[in-house]
Amino acid sequence: MSLIETRGLTKSYRQPDKAPGLAGSVRHLFNRRFTERVVVDHVDLDIEEGESVAYVGANGAGKSTTVKMLSGILVPTSGEVRIKGLVPHRERMAVAQHIGVLFGQRTQLWWDLTVRDSLDVLRDIYGIAPDTYRRRLAYFDEVLELGRMLPVVARRLSLGERMRADIAAALLHSPSVVYLDEPTIGLDVAVKHRLRQFLRELTDDGTALMLTSHDLADIEGICRRLVIIDKGRIIFDGALRHLMDTHARDRILHIETAGPADLDALRVALDRAVVSEGDAPHRFRIRFDRFTTTAGQVVAAVNSVVEIVDFSVDEPAIEDVIRRVYAGEVDVQGAVGGAAQGVVDAEAGHG
Ligand SMILES: Nc1ncnc2c1ncn2[C@@H]1O[C@H](COP(=O)(O)OP(=O)(O)OP(=O)(O)O)[C@@H](O)[C@H]1O
Ligand SMILES: [Mg+2]
């Protein structure tokens, strides 16, 4: 049994069908019609101990709604969800002992209390023993510099401090499942970096982490598995590395040569790579597939035609690949369920 397990998990909302304006509202009063809007649509997920899963999708895709069902805040319309075998919306108190939730846009600290007082309240709610509590606080001080925030009233904390205090609050009871909904929103680069490192260590210790974020550097820095949700449906579930290897095989080599290069001669020497002009006669670009050639081979081939002065290699950004998946330009349908088993069409989106 997985730590997190969902089968056909679905949430829909009833939306009033009404024409805009006052007349529409009045007519709706007498003729109430609704349509069902499915926002999470038959989601199947299995997440194991120590797994770090990035749950990404465009605005309104259904990410937060999924997390709310996983934590028992929302009751699913249909389908099943289990956390350590427990049904969250039915056994909220029991499930709460196992999960930690952070919604980056909101705080679970009490605004008018000091961080210390808020954490004390949570200690009592979770029934954490005094020495365990002391050890947790010492740990959070070490990794999040929590100590200097403890005496401060929550409303006076800066955004980055508040987020770190909130993370301590979410993890205080050592939950085995952690959902973080945009945990780095608004944080500065240094704090983001520390937080990512902290989250990696957390999963190394066996915690299952599910992260939603629009900051794709978070995903690269923290998660190995990627789940992409689009209009409530999972459209990709697999290893992040696998997605990149399949759909981001191309590398672009930027080359600067001593003199103008004969591009036709280069095209002959480089066989399958694509050579295109740069902004000057001695600068050009070569696009190649890193699984058929290495950058070293390309450089050697160019050097045999014309002398190279400088070069650099561009890797496709994870942003670009995910953007293409959202836009439907990349066919990842085969990957759903078959997670990372090489079922993705290797040629799709290539070239
Ligand atoms: N209580 C509600 N009643 C009706 N529709 C709702 C309700 N809550 C959420 N929705 C709709 O469900 C859809 C999914 O919302 P959700 O918050 O899960 O998106 P998200 O993927 O977290 O987006 P974001 O990236 O913007 O945070 C949205 O279109 C939203 O308008
Ligand atoms: Mg959201």
Report whether or not GLY186 is more than 22 Å from ARG123 (Cβ to Cβ), part of a loop (DSSP other than H, G, I, E, B) and small (Gly, Ala, Ser).
-> yes
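Answer yes or no: is there a residue in segment 46-54 that is surrounded by 19 or more Cβ atoms within 10 Å (Cβ to Cβ), under 21 Å from THR207 (Cβ atoms), free of Cβ contacts under 8 Å to residues at least 60 places away in the same chain and within 15 Å of ligand 2 (Cβ to nearest atom).
The initial filter retains those residues of segment 46-54 that are surrounded by 19 or more Cβ atoms within 10 Å (Cβ to Cβ), namely 47, 51-54.
Imposing the further condition that a residue be under 21 Å from THR207 (Cβ atoms) reduces the set to 47, 51-54.
Narrowing further to those that are free of Cβ contacts under 8 Å to residues at least 60 places away in the same chain: none.
No, that holds for no residue.
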May I ask you to list the residues in segment 295-315 that are surrounded by 14 or more Cβ atoms within 10 Å (Cβ to Cβ), part of a strand (DSSP E or B) and without any contact (Cβ under 8 Å) to a residue 60 or more places away in the chain?
-> ILE308, PHE311
Scanning segment 61-116 for residues that are touching a residue at least 60 places away in the same chain (Cβ under 8 Å) and basic (Lys, Arg), the one nearest to ligand 1 (Cβ to nearest atom) turns out to be LYS63
Among residues of segment 7-31 being among the charged types (D, E, K, R), within 16 Å of ligand 1 (Cβ to nearest atom) and within 30 Å of LEU45 (Cα to Cα), the residue nearest to the chain's Cα centre (by Cα) is LYS11
Among the residues of segment 32-45, is there at least one that is surrounded by 17 or more Cβ atoms within 10 Å (Cβ to Cβ), under 19 Å from PRO76 (Cβ atoms), in contact with an Asp or Glu (Cβ under 8 Å, 6 or more places away or on another chain) and touching a residue at least 12 places away in the same chain (Cβ under 8 Å)?
-> yes
Test: residue in segment 103-126 that is modelled with pLDDT of 90 or more, out of contact with any helix residue (DSSP H, G or I) (no Cβ under 8 Å at 6 or more places or on another chain) and not in a helix (DSSP H, G or I) | no
Could we say that VAL191 is buried (at least 20 other Cβ atoms within 10 Å of the Cβ), outside any loop (DSSP other than H, G, I, E, B), away from ligand 1 (no atom under 16 Å from the Cβ) and of a type outside the set (Lys, Arg) here?
-> no
Among the candidates ASP279, ASP264, single out the residue that is modelled with pLDDT under 85, farther than 30 Å from LEU45 by Cβ and part of a loop (DSSP other than H, G, I, E, B).
-> ASP279
Would you mind telling me which numbered condition in (1) in a helix (DSSP H, G or I); (2) within 16 Å of ligand 2 (Cβ to nearest atom) ASN59 fails?
-> (1)
Under the condition of being within 11 Å of THR246 (Cα to Cα) and aliphatic (A, V, I, L, M), which residue from segment 299-334 is modelled with the highest pLDDT?
-> VAL321
Residues (within 16 Å of VAL321 (Cα to Cα) and more than 16 Å from the chain's Cα centre (by Cα)) located in segment 229-267 | ASP245, THR246, HIS247, ALA248, ARG249, ASP250, ARG251, ILE252
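The values are calculated or read from the model by the stated rules, or taken from the named source; none is laboratory data. What you are looking at is a predicted structure, and each value in this text was computed from that prediction instead of being measured. With ideal geometry, Cβ positions are generated from the backbone for all residues, glycine too; neighbour counts draw on all protein chains shown.
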